[in-house]
Amino acid sequence: MRRRTIAAVLLGAASVMAAVGAQAQSRPPTAKETAAIRACAKKNQDDPEKAIQECVGKLVAGPCIDKFGTTGAGDGQMADCYYVEAAIWDALLNENYKTLLATLDAEQTAKAHVMQRDWIASRDSTCNFFNDKIQGTMAVPMIAECVASETARRAMLLKIFGGL
């Protein structure tokens with residue numbers, strides 16, 4: 001039973017990483033970027049919506065995009081900035097998910113795995129709809145921002161679940 005639980009945890013974590021990792025990302029997040037997101041998430045851990053408002057797009061993706069200056073970032077470059085941020089939120093999400101799973105019994109764990117798989121499918125379907133609707137290059141950074149925002153929101157929710 002324990003072996004199946006561990007395998008399921010790894011499968012869930014791998015699914016989330018695959019969704020974020022499947023997107024183009026030219027570089028990993030820096031230690032400074034990671035620390036900024038983690039500090040903001042911790043500061044707002046009891047208010048997920050405030051965390052989204054204060055943390056997403058302002059601490060990593062925004063400054064990354066601003067580095068392109070007056071020439072402006074292209075769609076792919078903007079998307080890359082958001083995917084760097086999404087990778088930080090994804091790592092936090094996976095930590096919070098593991099913490100949550102450690103508090104659950106076998107039946108709850110099974111339901112948590114279903115919940116997480118369903119969320120991944122919903123996030124991907126929702127974010128990818130920008131491409132279906134816009135059908136242009138501007139969809140690229142919009143999808144990336146959506147992935148970062150939705151991953152952040154989920155990381156914060158899992159933090160709350162883990163503390164219940």
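Counting neighbouring beta carbons within 10 Å and listing from fewest to most, the residues M115, M156 come out as M115, M156.
According to the square roots a ≥ b ≥ c of the eigenvalues of the Cα gyration tensor, what is the shape class of region 28-163, taking rounded for a/c under 1.5, prolate for a/b larger than b/c otherwise, and oblate for the remainder? Since a/c reaches 1.5 but b/c is at least a/b, the shape of region 28-163 is classed as oblate. What does the charge count near P28 come to, summing +1 for each Lys or Arg and -1 for each Asp or Glu among other residues with Cβ under 14 Å from its Cβ? For residues surrounding P28, the net value is -2. Once you reduce region 92-127 and region 26-72 to the center of their Cα atoms, the two points are 23 Å from each other.
Between A35 and K133, the simple spin-label model (points 7 angstrom out along Cα→Cβ) gives 3.8 nm. Within the shell defined by Cβ-Cβ distances under 14 Å, the residues around V140 carry a net charge of -3, with Lys and Arg each +1 and Asp and Glu each -1. Can you give the net charge of the other residues whose Cβ lies under 11 Å from the Cβ of L158, counting K and R as +1 and D and E as -1? Taking every Cβ under 11 Å from that of L158, the sum is +3.
Taking amide H as placed 1.01 Å from N in the peptide plane, T103 has no amide H partner under 5 Å among residues 5 or more places away or on another chain.
Rank these for me by crowding, L92, L158, L104, L164, going from fewest to most other beta carbons within 10 Å.
Values: L92 22, L158 25, L104 16, L164 6.
By the 10 Å Cβ count, ascending, the order reads L164, L104, L92, L158.
Among the listed pairs K67/K98; K58/K98; K32/K67; K58/K159; K32/K58; K43/K133, those with a Cα-Cα distance over 24 Å are K67/K98; K58/K98; K43/K133. Rounded to whole numbers, the Karplus 3J(HN,Hα) couplings from phi for region 45-51 are 4, 8, 9, x, 5, 5, 4 Hz, using 6.51 cos²θ - 1.76 cosθ + 1.60 with θ = phi - 60°, and x at Gly and Pro.
The numbers here are math on the coordinates, done by the rules we state, and not lab data. Being a predicted model, the structure only gives us computed values, none of them experimental. Please note: Cβ atoms are built from the backbone with ideal geometry, for glycine as well, and neighbour counts cover all protein chains shown.
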